[in-house]
Amino acid sequence: MQERHMEKGRITGVIFENIFRLSSILAIVALLMILGYIIYAGAPAILEVGWQHFLGGVEWRPTRDLFGILPMIVGSLGVTVGAILVGVPIGILTAVFLAEVAPEWLSKIVRPAIELLAGIPSVIYGFFGLLVIVPILHSIFGNGGDSMLAAIIILSVMILPTIITITETSIRAVPRSYKEGALALGASHIQAVFQVMIPAARSGILSGVVLGIGRAVGETMAVILVMGNSIKMPTSILDRGRTLTANIALEMSYAAGLHQKMLFATGVILLIFIMLLNLILLRLTRERQTK
């Protein structure tokens, strides 16, 4: 009877092992299919137009076969960097507050509110920005309000749940002996958190930051509503602009021929950007682990 039970358990283990293996293979296949199709559809168009004209051109006029995406690259990088500069410090400090400072009753109020932010559709963020943030900026700067600054503010709020949740989890995963050892050596509570706990949780925090960057880079609807969608080279955060994702969303419905291929080529640039971010994360994590 015991041998039969052990045999049944072994068979069940093999079945679930194969199910897990198949699931991972399907995920990899799906990723490769997406990457392959985007590259297949977009890379030849880049070669046809030319890398220099595509990446360095400042005019996007499909009717004249002008497909320069430099203004949109600058717009995407500008709002992403701005959102990271604003959102990352707020997110990390909020996570530290929840993990190490806030009393339990307050954490039970703040944490669900943060989780609720993650569940709000992006179009709602866009409407909020259009009806609240844009008029406020117009009253202050008088430029209409729809600008890169409006997009930065909205994206900063949108990436907060990701950064806060992952950072808090990473800080809580650090062994409490680290903090206790620092306190025993005479460090204050805040010194122990910022000089011991956060450096120990660095890899997890970096993961949260990269996921936040991915959210900011890939956001479309909210940016379309508040950024003005002007295809010109922005010179300040108060200028209107257009991101790479917004350009694809706005024009894919009616694009055809070379125009459509160049939109796929824009997707290739986005993929390259995301892969570079992930490579940077892996490098930073490995450097941390070797120290």
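Numbers at a glance
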read-out: Filter result for THR235 (touching a residue at least 12 places away in the same chain (Cβ under 8 Å) and hydroxyl-bearing (Ser, Thr, Tyr)); value: no
read-out: Breaking point among (1) outside any loop (DSSP other than H, G, I, E, B); (2) touching a strand residue (DSSP E or B) at 6+ places or on another chain (Cβ under 6 Å), for LYS179; value: (2)
read-out: Subset of segment 235-263 [part of a loop (DSSP other than H, G, I, E, B), crowded, with 16+ Cβ neighbours inside 10 Å and over 22 Å from the mean Cα position of the chain (by Cα)]; value: LEU238, ASP239, ALA255
read-out: Matching entry among GLY181, GLY186 (being surrounded by fewer than 23 Cβ atoms within 10 Å (Cβ to Cβ), at positive phi and more than 23 Å from the chain's Cα centre (by Cα)); value: GLY186
read-out: Filter result for SER139 (part of a helix (DSSP H, G or I) and over 26 Å from VAL193 (Cβ atoms)); value: yes
read-out: Hits in segment 32-57 - residues which are surrounded by 12 or more Cβ atoms within 10 Å (Cβ to Cβ) and hydroxyl-bearing (Ser, Thr, Tyr); value: TYR37
read-out: Those residues of segment 95-109 which are farther than 15 Å from ILE159 by Cα and surrounded by 15 or more Cβ atoms within 10 Å (Cβ to Cβ), in sequence order; value: VAL96, PHE97, LEU98, ALA99, GLU100, ALA102, SER107
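Each reported figure results from applying straightforward, stated rules to the coordinates on display, with no laboratory input. Everything numeric in this text was worked out from a predicted model, so none of it was measured. FYI the Cβ positions are ideal-geometry reconstructions off the backbone, even for glycines, and counts take in every protein chain you see.
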